[in-house]
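Take a look at the structure below.
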């Protein structure tokens, strides 16, 4: 039996509601912001219009007003996931969201921004979050969710797939990078819960243990005095990474957590956003 549940009771969750989506938008766009994510799970197919009551990101998340295709992903263990694709081409990027109320909407401004730079971007709700289904086993196999997103982009012509995760999604992306084949790069923004078990493809493991199997180019980023990430642990995680092409960026205190690090104090894209986007461009494989 499949059920849907926005947040599993008892989980450690930092509520990231609409104010984080707002923080990612330039001030000129804030007044036009529409209601955030909500509604009923999609029944399948793709469209730039609503499907089964599910609106495209520009309508349910707010600006930018860029067309996107709605997608319903099916994982190897049979879970239906809500997602959207923006952009096209060979350079694919899968975005893995933080825990909390914004889910894929938190990535929407950056996804559209990447698409403008020529990337083929898929953002989606992990199982048991947003509009995606939640199996009886709960969040146990989230790596299968990332695998389904990667497979979808490959089927649509992306020859290079890079993973970007924020907060809890950063740790999920790290474990996925250790488990999935033929990825081009990994970016982990403020990955937390480093010693929490994350399941799928080979059984549960932690981000801490998964580092031994991450060989792709990797960018780790964290701000000083992050309330959720211990900087000494992040430095140790960096040292443990098996990749020989790795970089750790430590931003100043107050620079944000997860996807909020992409926005500066003015509400415009931050210097770190330019660094991240350049990293993705540098490591995308040519067709």
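A few comments on the model shown:
- Test: residue in region 221-228 that is within 15 Å of the chain's Cα centre (by Cα) and buried (at least 16 other Cβ atoms within 10 Å of the Cβ): yes
- Considering 95, 81, 123, the condition of being touching a strand residue (DSSP E or B) at 6+ places or on another chain (Cβ under 8 Å), outside any helix (DSSP H, G or I), over 20 Å from residue 189 (Cα atoms) and touching a residue at least 12 places away in the same chain (Cβ under 8 Å) is satisfied by 81 alone.
- Subset tally (residues that are part of a helix (DSSP H, G or I), out of contact with any strand residue (DSSP E or B) (no Cβ under 6 Å at 6 or more places or on another chain) and under 28 Å from residue 109 (Cα atoms)) for region 202-260: 3
- Restricting region 154-175 to residues that are over 22 Å from residue 260 (Cβ atoms) and within 14 Å of the chain's Cα centre (by Cα), the residue that is surrounded by the fewest Cβ atoms within 10 Å (Cβ to Cβ): 161
- Residue within region 132-141 that is outside any strand (DSSP E or B), buried (at least 23 other Cβ atoms within 10 Å of the Cβ), in contact with a strand residue (DSSP E or B) (Cβ under 7 Å, 6 or more places away or on another chain) and touching a residue at least 12 places away in the same chain (Cβ under 8 Å) present: yes
- A search for C-beta distances below 7 Å between a residue of region 177-200 that is at positive phi and surrounded by fewer than 21 Cβ atoms within 10 Å (Cβ to Cβ) and any residue that is at pLDDT 95 or above and not in a loop (DSSP other than H, G, I, E, B), counting only pairs 6+ apart in sequence or on different chains, returns 193/168; 193/171.
The values are calculated or read from the model by the stated rules, or taken from the named source; none is laboratory data. None of the values given here were measured: they were computed from a predicted structure. Note that we place each Cβ from the backbone using ideal geometry, even for glycine, and neighbour counts take in every protein chain shown.
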